[in-house]
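What follows is calculated from the coordinates using simple rules that are stated; it is not laboratory data. Just so you know, these numbers come straight off a predicted model, no measurement behind them. Virtual Cβ from ideal backbone geometry, glycine too; neighbours counted across all protein chains shown.
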Amino acid sequence: MFYEQVEESVQYIRKHVKTEPLIGIILGSGLGSLVEMMEDKEVLSYQDIPHFPQSRVAGHAGNLVFGRIGNQRLIVMQGRFHYYEGFSMKEVTYPIYVMKLLGVRDLIVTNACGGINPDFTPGDLMIIDDFINSLDVNPLIGDNDERFGPRFPDMSEPYSIQLREKAEQVADQLAIPYRHGVYTLFQGPYYETAAEIRMYARAGSDAIGMSTVPETIAANYLGIRVLGIACITNMATGIAKEKHSHEEVVKMANKSSARLCTWMEALLKEW
């Protein structure tokens, strides 16, 4: 049933879009300006695609944007789905399954998140090396359909070493500073307590947020390579001196967006 739903979504998209994407991109809060760099754009609203979830978060649009940067054919999500919104994990990751059947081979995931590593500062861009899933759920729980992937997928390299190295090379060429680190998924929607942050710091986490990990798990399961880049929009609770707000997160993400988009544009042209 799930496979057939994904197929129906894909059939609708292929009827309405000419682009055959090979790279998928998920844009986090305030990071949507990459779409402005795309050429030959074709836009589909989530609400028009059969079985597709609907975005509900301020700062997120609700479109699939097809087009290209350089010679790379892209499918870009303007607005992602979060577990804290009440979506199931299968719904959160539904677009990744659609991307797979559309022919996507690589996925770039971006997010706005809190910094745990005391060496970080708001505005930093972090290449994600690994993740911690702090939830007791993930998108692969339940019956497995071998047409998508194996029952027990390997997760020893959730973020492609090859893609991370390419991202480093391009950032170095552009003199764009970057960090490396481990990203922790936090359920939300409340921001973490200081005690929780101390716990995740001891566990080896450098940054924390409410997205990215489910999509990463699904992509690895589906055989899609992943590159993750996190925008540190604030320091986490207990480290930050001020209280958190979504408005401040989006504001800082917008400030960092130009650097991230410059990096992504150059990276895609050298993919």
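In percent, what relative contact order does the chain have, based on Cα pairs under 8 Å that are 6 or more apart in sequence?
RCO, the chain: 26 percent.
Taking trypsin sites (Lys or Arg not before Pro) as candidate sites, keep only those in a DSSP loop with at most 12 other Cβ atoms within 10 Å, then name the longest stretch of the chain containing none of them.
19-146
Give me the three principal axis extents of region 99-158 from the C-alpha atoms, as integers in angstrom, largest value leading.
43, 29, 18
Just the Cα atoms of region 1-143, one point each, no solvent: what log10 I(q)/I(0) does Debye give at q = 0.09, 0.12, 0.14, 0.15 Å⁻¹?
Log10 I(q)/I(0), no solvent term: -0.29, -0.52, -0.71, -0.81.
Give me the extension gain from Ile176 to Asn144: residue separation times 0.36 nm, minus the current Cα-Cα distance, reported in nm with one decimal.
Result for the pair: 7.4 nm of gain on full extension.
Picking from Leu260, Leu101, Leu74, which is most flexible by a Gaussian network model of the chain using Cα springs under 10 Å?
Leu101
Treat each spin label as a single point 7 Å out from the Cα along the C-beta direction, and report the Trp271 to Arg105 distance in nm.
In this crude label model, Trp271 to Arg105 measures out at 1.0 nm.
If I model a spin label at Gln169 and Ser245 as a point 7 Å from the Cα along the Cα→Cβ vector, what separation in nanometres do I get?
4.4
Between Asp136 and Phe152, what length comes free when the chain is fully extended (0.36 nm per residue of separation minus the Cα-Cα distance, one decimal in nm)?
4.1 nm
Calculate, for Lys15 and Tyr84, the FRET efficiency according to 1/(1 + (r/R0)^6) with r their C-beta to C-beta distance and R0 30 Å; round to the nearest 0.05.
Computed FRET efficiency for Lys15 and Tyr84 comes out at 0.35.
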